[in-house]
Structure formats: C-alpha cells, structure tokens
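What follows is a single structure, written as structure tokens, with notes after it.
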Amino acid sequence: MISRITYARVAGALLVFAALLCFTPPAEPSVRLCGFHWLTGRECPLCGITRALFALAKGHLSQAIHFNALSPLGFTMLFALILDAPGLTRLWTFGLTAFTAYGLYRVVLP
C-alpha cells in the first residue's frame, strides 16, 4: 500500500514540474539575486540553475546546458527526492561534489 507521504511527494513533484512547465523566466535576468555574483562578478555553481530547470522542463536541453552545465544533474537530483531509494544518498553526494567542482571551475577560470 502506498503511504500518504508518497502521495504528498508525488503531488509536490508534479506541482513543481507544472510550475516549471508553465512559466518562462527571461534569458538574461534584469536583477541577479546571487550574493556571490554581486561580490565577485563571477558566477557561482548555482547561477543559471533556475532558468536551466525551466528550460529542461520544456525539453530545451541545449539552452539549459548553456545556462548551467550541470542542470540535467540538478534536475535529476530535484525530482529524485520523491523516491525513497538507497541510491538517493549516492546521487546527492555525487551531485554536491560535482557542483562544488563546477563552482571552483567557474571561479578560477573566467
């Protein structure tokens, strides 16, 4: 039998996906909310991830990768939260490590 928590997780994931599918943010934001970008002028590992998630929900893979190269991984990590599987911890550990390395790459190389 499927628990209420599973139903709530699936409903939450569907709501997030519906929001990502229905709205389209501008390709270049007029105001950047990233504090790291404000201070350094460089992009952090998560800069562009929101726009990339919106693009991925619509099936625009190349546009999503342009916004953030790790967006498919972030998309997978986000929607893997509805699963209660043993591999979830490994996925999140790998994902966080990848985003950290990507962040170092973005900071060190212009």
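What follows draws every value from the coordinates through simple rules; no lab data is involved. Keep in mind that this is a model prediction, so the values were computed, not measured. With ideal geometry, Cβ positions are generated from the backbone for all residues, glycine too; neighbour counts draw on all protein chains shown.
Starting from the Cα coordinates of the chain, work out the convex hull volume and express it per residue in Å³. All intermediate terms of the calculation are to be shown ahead of the outcome.
On the way: hull volume 12.9 nm³, N = 110.
With only Cα atoms used, the chain gives 117 Å³ per residue.
Place a +1 charge on the Cβ of each Lys and Arg in the chain and a -1 charge on the Cβ of each Asp and Glu, then give the dipole magnitude about the Cα centre in debye, rounded to the nearest 20.
So the dipole magnitude of the chain works out to roughly 60 debye.
Kirkwood hydrodynamic radius for segment 69-110: how many Å is it when counted over pairs of different Cα atoms?
Values: mean 1/r = 0.0907 Å⁻¹.
The Cα-based Kirkwood calculation yields 11.0 Å.
Angle, helix 87-108 long axis vs. longest principal axis of the chain, Cα atoms, 0 to 90°, nearest 10?
Here the helix axis deviates by roughly 10 degrees.
Place the peptides 44-50, 17-23 in order of packing, highest mean first, counting for every residue the other Cβ atoms within 10 Å and averaging per peptide. Display every interim value, and only then the final one.
Working: 44-50: 19.3, 17-23: 12.4.
The packing order, highest mean first, is 44-50, 17-23.
Just add up the charged neighbours of P26: K/R +1, D/E -1, any other residue whose Cβ is under 13 Å from the Cβ of P26.
Numbers: positive: R32, R51; negative: E28.
Around P26, the surrounding residues sum to +1.
Tell me, what HN-Hα J-couplings in whole Hz come from the Karplus equation 6.51 cos²θ - 1.76 cosθ + 1.60 at θ = phi - 60° for each residue of segment 54-70, using x for Gly and Pro?
4, 5, 5, 4, 8, x, 9, 5, 5, 5, 5, 5, 5, 5, 7, 4, 9
As I understand it, the dipole of segment 2-100 uses +1 on the Cβ of Lys and Arg and -1 on the Cβ of Asp and Glu, about the Cα centre. Which of A55, V16, L33 lies farthest toward its positive end?
Of A55, V16, L33, it is V16.
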